[in-house]
Amino acid sequence: MPVSHALRVRTAVPGDDADLAELDRRVWSTLHAVTPQPQPPYPPFFDERHAPGDHLVAELDGRLVGYVRLGFPTPLAANAHVRQIQGLAVAEEARGRGVGRALIRAAVDEARRRGARRLTLRVLGHNAPARALYEAEGFAVEGVLPEEFLLDGAYVDDVCMGRSL
């Protein structure tokens, strides 16, 4: 009998805080993170800058396995037509199952629903899997900040990508 892999993307709720915080700690890597590895005591996932409504979460067979965070790139009114992906995480055990792609597509739809005309993101230059996913979903490189970060003793580019909605 075939195994069902029901994937669902929904808006986060306050009760997702602990699961999202734990997911963030599990997937932390210098492949995509420029902040230090989280250490106890762990802060809450949601805070005054990152509310549940700013996140879409992916559930695979009823278990939370990923999220994407949407925000504004700046607080300026002149930039309010742009949304930015400010975080994307997929649990290791759920990779290769279309979770990241589903989250990106849901973020595009949600940004459009919120009236955005553009969607942007920043990705580390050495994160080839993420860059390939973003390119496959219509994002193009719009700029590169060479050697912007020093991670694990190596300088890494910060790649700015975007797409029209």
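Just so you know, all these numbers are worked out from the coordinates, no wet-lab data involved. Worth saying up front: this structure is predicted, and the values here are computed from it rather than measured. Every residue, glycine among them, receives a Cβ derived from its backbone with ideal geometry; neighbour counts consider all protein chains shown.
Quick one: compute a quarter of the convex hull surface over the Cα atoms of the range 1-152 and quote it in nm².
Approximately 10.6 nm², given one-decimal rounding.
I need to check one value: relative contact order of the chain, counting alpha carbon pairs closer than 8 Å and at least 6 residues apart, in percent.
20
With helices defined as uninterrupted DSSP H runs, which ones in the chain have an alpha carbon span along their own long axis of at least 18 Å and mean Kyte-Doolittle hydropathy of at least -1.0? Can you show the working numbers first?
Working: long enough: 99-113 (21 Å, -0.10).
Span-like helices here: 99-113.
Using just the helices of the chain, give the 222 nm mean residue ellipticity in deg cm²/dmol: DSSP H runs with n ≥ 4 each add -39,500 (n - 2.57), and the total is spread over all residues, rounded to 500.
Details: 3 runs with 35 residues, N = 165.
Value at 222 nm, helices only, nearest 500: -6500 deg cm²/dmol.
Take the alpha-carbon centre of the range 14-83, take the same for the range 96-165, and report the distance between them in whole Å.
With the range 14-83 and the range 96-165 each reduced to a Cα centre, they are spaced 15 Å.
For the chain, give the magnitude of the charge dipole about the Cα centre (Cβ charges: +1 Lys/Arg, -1 Asp/Glu; no others), in debye to the nearest 20. If you can, show how the numbers build up before the last one.
Working: 20 positive and 22 negative charges, 148 e Å.
With only Lys, Arg, Asp and Glu charged at Cβ, the dipole is about 700 debye.
If packing is taken as the average count of other Cβ atoms within 10 Å, what order do 91-104, 132-145 fall into, highest mean first? Display every interim value, and only then the final one.
Details: 91-104: 17.4, 132-145: 14.4.
Highest to lowest by the protection proxy: 91-104, 132-145.
Arrange the following residues from fewest to most other Cβ atoms within 10 Å of their Cβ: Thr120, Thr35, Thr11.
Values: Thr120 18, Thr35 7, Thr11 13.
Ranked by crowding around the Cβ, least crowded first: Thr35, Thr11, Thr120.
From the phi angles alone, apply the Karplus equation (6.51, -1.76, 1.60; θ = phi - 60°) to the range 36-49 and give each ³J(HN,Hα) in whole Hz, x where the residue is Gly or Pro.
x, 4, x, 10, x, x, 7, x, x, 5, 7, 8, 5, 9
Ranked highest first by average number of other Cβ atoms within 10 Å, how do 148-154, 21-27, 109-115 line up? Don't skip to the answer; put the middle values down first.
Working: 148-154: 11.4, 21-27: 15.9, 109-115: 13.9.
Peptide ranking by packing, descending: 21-27, 109-115, 148-154.
Would you grab the residues whose amide H sits under 5 Å from the one on His81? Only those 5+ places off in sequence or on another chain, please, with H modelled 1.01 Å from N.
Those qualifying (amide H under 5 Å, at least 5 residues apart or on another chain) number zero.
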